[in-house]
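Nothing in this text is a laboratory measurement; each read-out follows from the coordinates by a stated rule. Since the structure is predicted, the reported quantities are computational estimates derived from the model, not experimental observations. So basically every Cβ, Gly included, is an ideal-geometry build from the backbone, and we count neighbours across all protein chains shown.
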Amino acid sequence: MILSTYPRLGAAISALALLTACAGTSGSSTPEGDLAQMLVDNAQAIADLENEQGNTRTTMPTSGSATYTGTVTAWVADNDTATNARVFAGEAEMTARFTNAGGSVTGRFDNFLAKDDVNKFALGNAIGAGDEAGVRDLLDGFSQADGSLTLSNGAIAAAEFTADLSGTLTHDGDRIAFGGTGEGQFVGRNAEGAKFYGSTTATGGGNQITITENGAGRVGEVYANTTR
């Protein structure tokens, strides 16, 4: 991985159009309302950490462990030119174990809601604008997606890490399977936040995830933002 090419929050919203987040204003008591609140507030929390950090390097712990919680979003489409996609939003947890040599990362993404054939940019744009009501409206038509995704074999190097992504989500009778390797970054002056990104297009670090829908190849991205 190359730290300078890893997307910061603001760029990720516009360039990737999807990201994650965690709780805020007085929201709805529905799952959609609760998740909307989480998405907007966690996005702001990560942005605040990055703004406070500025251009200084993250000071990484050299011992102990930390659990990071937040949210995850993903989109899955037939091809790269498609504007509409199946969009997922759920909860994320990552655990980092720190050592002098770097350490390891594991994680789990679950409790997903999803909807097919929706604009893949709309959710990310609303999250980036801090528009909780808009996010809630977008999630209103989402339905439960069963299953979970797992991060494993995560290896920390400086303030970055790579991790394998695996798991299957079932939505509206379709099975969407994820594999391959994504990459992440710790943010904040003392690694108070952690991000993970996976794409079917190879990243600057040469990592790439795979996605299939009922056995057929698909394109897409997965993005998680978490804080401790």
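Mind putting a number on the dipole of the range 59-192 about its Cα centre? Charges go on the C-beta only, +1 for Lys and Arg and -1 for Asp and Glu, and I need it in Debye to the nearest 20.
440
Multiplying the sequence separation of THR99 and SER152 by 0.36 nm and subtracting their Cα-Cα distance, what value in nm do you get? Kindly include the intermediate steps, with their values, before the conclusion.
Values: separation 53, 0.36 × 53 = 19.08 nm, distance 1.71 nm.
Stretched fully, the THR99-SER152 segment lengthens by 17.4 nm.
Let a ≥ b ≥ c be the square roots of the eigenvalues of the Cα gyration tensor of the range 78-141; is it rounded (a/c under 1.5), or, if not, prolate (a/b larger than b/c) or oblate? Mind dumping the intermediate values first?
Details: a/c = 2.47, a/b = 1.96, b/c = 1.26.
Prolate.
Only helices at least 18 Å long along their own axis, judged from Cα atoms, and with Kyte-Doolittle mean hydropathy of -1.0 or greater: name those in the chain from DSSP H. Numbers along the way, then the final one.
Numbers: long enough: 31-53 (33 Å, -0.49).
TM-like helix candidates: 31-53.
In square nanometres and to one decimal, what's the mean projected area of the convex hull around the Cα atoms of the range 74-207? Working shown, then result.
Details: hull surface 35.2 nm².
Here the figure is 8.8 nm², rounded to one decimal.
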